[in-house]
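Sharing a structure with you now.
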Amino acid sequence: MTFDTNTAIRLLTMISLGGLLFTVGLRLTWDEVVASLRRCHLGWLVPANFVVPPVLALALARLFHIPTDIAIGMLLLAAAPFAPVVPIFTRMAKGDLALAGALTALFPFFSALLTPLVCEAGLKILVGNGSLNFSVWTVLVVLVSTITLPLTAGVLFSHWLPVAGRKILKPLEVVSEAAGAVSLAFVTFVEFREILATGWKPLLAMALGSEILLISGYAFSGPAPAVRRVVALGTSNRNIALLVALESFPGTPVVAAVVANGLLLIFLGLLHVAFWHFRPYHRSHD
């Protein structure tokens, strides 16, 4: 891809993420966020999202004999938890939106420190002494500016200007979702040949890993169905890591692998959302 194409993809992705997460913030209050965090134990969520998924991805890559470039794309996804779509999926799946928003805003800070370390360790397993071109501060700025800040700004806007927030909510959602669709369609078009070359085995391996993470996250996150749905969706729907891939591996098959597997995760996430959305809600069990 050329520099101009990379820039266009970055801009469209950042606009979409920022808009979507700002609208999620408009639906939340500080009290809801704090109360949800108190019901959730971060102590086990951090290792569950930064240790288990990368180990699982590497194991599946070895089991399915995945080519190195595609395995690196899988590793990038596995090392980047709580995708920005998780709050949107949570809202549609009738989960705890405040918890989803809070965790999605907090995890970029963990990712900025842990994702480069996890990827460095994983890459040594895949290619020996190679090293990723990661800048911790660049990753932090990208993640915080596209996820944490828009979410926080939405909550603040809703708190200070609740009437205006309700008026702009729907139009902003439409614009942001349209930008997201354009961004996804554009990068799919640009990387289409490389995506087709990914093959079925990497996609099968990624789908299997995603389902294992979804079931595990759901099973070990307590009795409340709304919380269990958040953790399951956040653990299985990895951050698409497209911006990180563009920074670290421009013009390589790694970018196409991230896009192909990211699209698969979005598709699987939508299937889970549809299942929970139309399933009768039970307070004691799900």
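The values are calculated or read from the model by the stated rules, or taken from the named source; none is laboratory data. Since this is a predicted model, take the numbers as computed values, not measurements. Neighbour counts are summed over all protein chains in view; Cβ atoms, including those assigned to glycine, are modelled from backbone coordinates with ideal geometry.
Restricting the first residue to region 219-241 and requiring it to be free of Cβ contacts under 8 Å to residues at least 60 places away in the same chain and among the small types (G, A, S), which pairs with a second residue that is surrounded by 21 or more Cβ atoms within 10 Å (Cβ to Cβ) and in a loop (DSSP other than H, G, I, E, B) meet a Cβ separation below 7 Å and a spacing of at least six or different chains?
none
Just name the residue that is surrounded by the fewest Cβ atoms within 10 Å (Cβ to Cβ) out of those in region 198-217 that are more than 19 Å from R62 (Cα to Cα) and touching a residue at least 40 places away in the same chain (Cβ under 8 Å).
Among residues in region 198-217 that are more than 19 Å from R62 (Cα to Cα) and touching a residue at least 40 places away in the same chain (Cβ under 8 Å), the one surrounded by the fewest Cβ atoms within 10 Å (Cβ to Cβ) is S216.
Given the options V182, V174, V142, name the one that is part of a helix (DSSP H, G or I) and out of contact with any Leu (no Cβ under 9 Å at 6 or more places or on another chain).
V174
Let me ask you something else. Of (1) over 27 Å from P250 (Cβ atoms); (2) over 21 Å from the mean Cα position of the chain (by Cα); (3) at pLDDT 80 or above, T23 satisfies all except one. Which?
Evaluating T23 over (1) over 27 Å from P250 (Cβ atoms); (2) over 21 Å from the mean Cα position of the chain (by Cα); (3) at pLDDT 80 or above leaves (2) as the failure.
Taking the condition of being modelled with pLDDT of 80 or more and charged (D, E, K, R), how many residues in region 174-226 meet it?
Total satisfying the criteria: 2.
Looking at V155 and the list (1) modelled with pLDDT of 90 or more; (2) crowded, with 19+ Cβ neighbours inside 10 Å; (3) within 24 Å of A105 (Cα to Cα), which single condition is not satisfied?
If we test V155 against (1) modelled with pLDDT of 90 or more; (2) crowded, with 19+ Cβ neighbours inside 10 Å; (3) within 24 Å of A105 (Cα to Cα), just (1) comes out false.
Here is a follow-up. Which pairs turn up if I take residues in region 56-72 that are more than 13 Å from I125 (Cβ to Cβ) and look for partners that are of a type in the set (F, W, Y) with beta carbon separation below 9 Å, at least 6 apart in sequence or on another chain?
D69/F249
If you go through region 197-224, how many residues are aliphatic (A, V, I, L, M), assigned to a loop (DSSP other than H, G, I, E, B) and within 20 Å of L263 (Cα to Cα)?
Total meeting the criteria: 1.
Scan region 54-112 for residues that are farther than 18 Å from L28 by Cβ, part of a helix (DSSP H, G or I) and aliphatic (A, V, I, L, M) and report the count.
The qualifying residues number 17.
Consider L117 carefully, then state whether it is modelled with pLDDT of 75 or more, crowded, with 19+ Cβ neighbours inside 10 Å and on the phi < 0 side of the Ramachandran plot.
No.
Considering each of A93, A102 in turn, give the residue that is closer than 30 Å to F157 by Cβ and under 15 Å from the mean Cα position of the chain (by Cα).
None of the other options fit; the residue is A102.
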